[in-house]
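The values are calculated or read from the model by the stated rules, or taken from the named source; none is laboratory data. Owing to the predicted nature of the structure, the values given are computational and were not obtained by experimental measurement. In this analysis, Cβ positions are derived from the backbone assuming ideal geometry, glycine residues included, and neighbour counts consider all displayed protein chains. Surface accessibility is based on the protein's heavy atoms, side chains included, excluding ligands, DNA and RNA. Shrake-Rupley method; radii C 1.70, N 1.55, O 1.52, S 1.80 Å.
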Amino acid sequence: MPEMTVAITDAWFTYRGEDTAALSGITFDAVSGTMTAVLGPLGSGTSTLCRLLAGQLVSRGALTGTIDRNGTVALLGDDPEAQLSGMTSHVGDESQLACRLHGHDPADAHRRARNLLELLGIEDLWNRRLDTLSGGQRQLVAVARILAPGPDLLVLDQPAQSLDPQMRVRLATVLQEFCDRGGGVLITGHQTDELTRICEEVRFLDAGRLQTATPTVRSVGIWDSRPNDDATLSTVPRSQADPLLTVRDLTVDRGSSRILDGLDFDLRPGELTSVTGANGAGKSTLLRALLGLLDRSASVTGSITVSRLGEMTRLDTLPAHARSAHLGWVGQDAGLQLSAATVVRELLHAAPLPPHRRRDRKRVRSHRLSDADSVLAEADLTGVADDHPFDLDVARRKDIVIASALMTEATVLLLDEPTIGRDLAAMNQLNAIIDSFLNRGGAVLATTHDERWANEFAHRRLRLIEGRARS
Ligand SMILES: Nc1ncnc2c1ncn2[C@@H]1O[C@H](COP(=O)(O)OP(=O)(O)OP(=O)(O)O)[C@@H](O)[C@H]1O
């Protein structure tokens, strides 16, 4: 007989300082031995539900209703920047950390952590420094850490977002085995994927309320990441114009490991090129190599040439700050690129003011402000112009960094996993921002694990396999 791990009855929760409830009348049971998904669009309350289950809301607002907990709950949040504990620097130590903090003896903690890394197929990372991991590798280490002590209920907020499709299937198997041994799993998010598809039950949350009927994924505003077999691929190149960026024989070595092996490709005006490949295939490395942002342990060779108004500039000989005049970059962790107190200030500070006389400063500033207003409108950010960027969700933070890049003169935009954490509306917003950049004659290179998005929206595709590009 399955046991109830957490039983919530008629729970209402309102964050301090807010007028409307984030969760309204939630009645929900997390049951051992089963895997459940609760999906909803951004802002529907999925992350709040996770915190409610994990008992993390008590001091953050007003909570009514009853919550009975009958076991331990472990939560992995959705913010990629906050998934590692910050208390360790190596994979082996990080993956044992929760066990050690729960009082397991060192040999047992070691055994459990090793076993999980093996199940997840990342045992060779045991001695690696955490700051050298790819985004997906980091996420898997975080999963291993919280799973190792064997909680009764595992709550995962968007666990698949940085994982490649094969890795999602592998994680699904690990979670299924965890359930077979009596654990319970709750997955929340804004997209359907390989993990949510194997759940015994999928519920939908809309504006803080759990839906009783079963709506369609699209009608509730979820992005459906299932590969679309009958999609008309937009990978038909739409431009024969001269390339804006030409990359030849780009090779990146780290010690004896070759990460990128002689890549050749062009980016043309008006085109979105997607870069896909397994976790750790070298997608972020590619973007950073173009930008000149790789650390010293990486050796980079090959040529990178940008063309502007018929003038060719070799970027590979230039330092990073000089390359950024041509290349706008939005990294995997957009939060690391945000520094201003409001969204509009972030845009105003995106590029230095053009050279001007002191007496013209007012006019130049007012031009800059009107440019920022139009970019805010293009990116659908006008309504949050005066908000603090960190009060917005991860997808919107990424939009701010993309919008900041639109404020610069860059003709090429490099986007590292812009699709993660997006519901249907946020996907549409992303596509609209990219489109307006392409329509101005720019080119976009975007890494993604979303095969459906790449199939439907990219004009050209690069697949990285063993350091080489397959188009
Ligand atoms: N500073 C570093 N030292 C050693 N290895 C590194 C370093 N940075 C990255 N790597 C390794 O290089 C490989 C490529 O990493 P990269 O981040 O480019 O992968 P990715 O394709 O973007 O992966 P993901 O999809 O998980 O984000 C990975 O195996 C990663 O662990």
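Values for this structure:
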read-out	value
Lone qualifier among HIS367, HIS388, HIS449, HIS459 - being without any contact (Cβ under 8 Å) to a residue 12 or more places away in the chain and in the same structural domain as LEU347 (by TED's automatic domain parsing)	HIS367
Test: residue in segment 389-400 that is open to solvent by 30 Å² or more (accessible area, probe 1.4 Å), more than 16 Å from the ligand (Cβ to nearest atom) and aromatic (Phe, Trp, Tyr)	yes
Number of positions in segment 411-433 that are more than 22 Å from GLN158 (Cβ to Cβ) and open to solvent by less than 10 Å² (accessible area, probe 1.4 Å)	3
Count of residues meeting criterion [free of Cβ contacts under 8 Å to residues at least 12 places away in the same chain and hydrophobic (A, V, I, L, M, F, W, C)] in segment 353-364	1
Residue that is farthest from the ligand (Cβ to nearest atom) [pool: residues in segment 276-306 that are polar (S, T, N, Q) and over 18 Å from VAL330 (Cα atoms)]	THR305
Selection within segment 278-305 - among the polar types (S, T, N, Q) and either open to solvent by less than 50 Å² (accessible area, probe 1.4 Å) or not assigned by TED's automatic domain parsing to the domain that holds GLU451 (or both)	ASN279, SER284, THR285, SER303, THR305
LEU125, sole failed condition from (1) among the hydrophobic types (A, V, I, L, M, F, W, C); (2) away from the ligand (no atom under 14 Å from the Cβ); (3) modelled with pLDDT of 95 or more	(2)
Filter pass, ASP131 being over 30 Å from GLY71 (Cα atoms), at pLDDT below 95 and near the ligand (Cβ under 10 Å from one of its atoms)	yes
Within segment 393-459, helices (runs of 4 or more DSSP H) holding 1 or more residues that are closer than 20 Å to LEU291 by Cα and among the small types (Gly, Ala, Ser)	394-406
Residues of segment 93-122 satisfying the condition of being on the phi > 0 side of the Ramachandran plot and either modelled with pLDDT of 95 or more or open to solvent by less than 10 Å² (accessible area, probe 1.4 Å) (or both)	GLY121
Cβ pairs under 8 Å, 6+ apart, first in segment 65-78 and closer than 13 Å to ALA148 by Cα, second open to solvent by 70 Å² or more (accessible area, probe 1.4 Å)	LEU75/GLN56
Filter result (open to solvent by 20 Å² or more (accessible area, probe 1.4 Å), under 18 Å from LEU245 (Cβ atoms) and more than 16 Å from the ligand (Cβ to nearest atom)) within segment 324-339	SER324, ALA325, HIS326
Any hit, segment 263-275, residues being at pLDDT 95 or above, more than 22 Å from LEU130 (Cβ to Cβ), within 11 Å of the ligand (Cβ to nearest atom) and crowded, with 20+ Cβ neighbours inside 10 Å	yes
Candidate set: segment 155-168, residues that are open to solvent by less than 10 Å² (accessible area, probe 1.4 Å) and touching a Gly at 6+ places or on another chain (Cβ under 6 Å); chosen: the one farthest from the ligand (Cβ to nearest atom)	ASP157
Matching residues in segment 146-160 - criterion: being small (Gly, Ala, Ser) and part of a helix (DSSP H, G or I)	none
Selected residue (criterion: farthest from the chain's Cα centre (by Cα)) from residues of segment 122-145 that are in a loop (DSSP other than H, G, I, E, B) and closer than 17 Å to LEU163 by Cα	ILE122
Strands (runs of 3 or more DSSP E) wholly inside segment 1-92 containing at least 1 residues that are buried (at least 18 other Cβ atoms within 10 Å of the Cβ)	4-15, 23-31, 35-39, 73-76
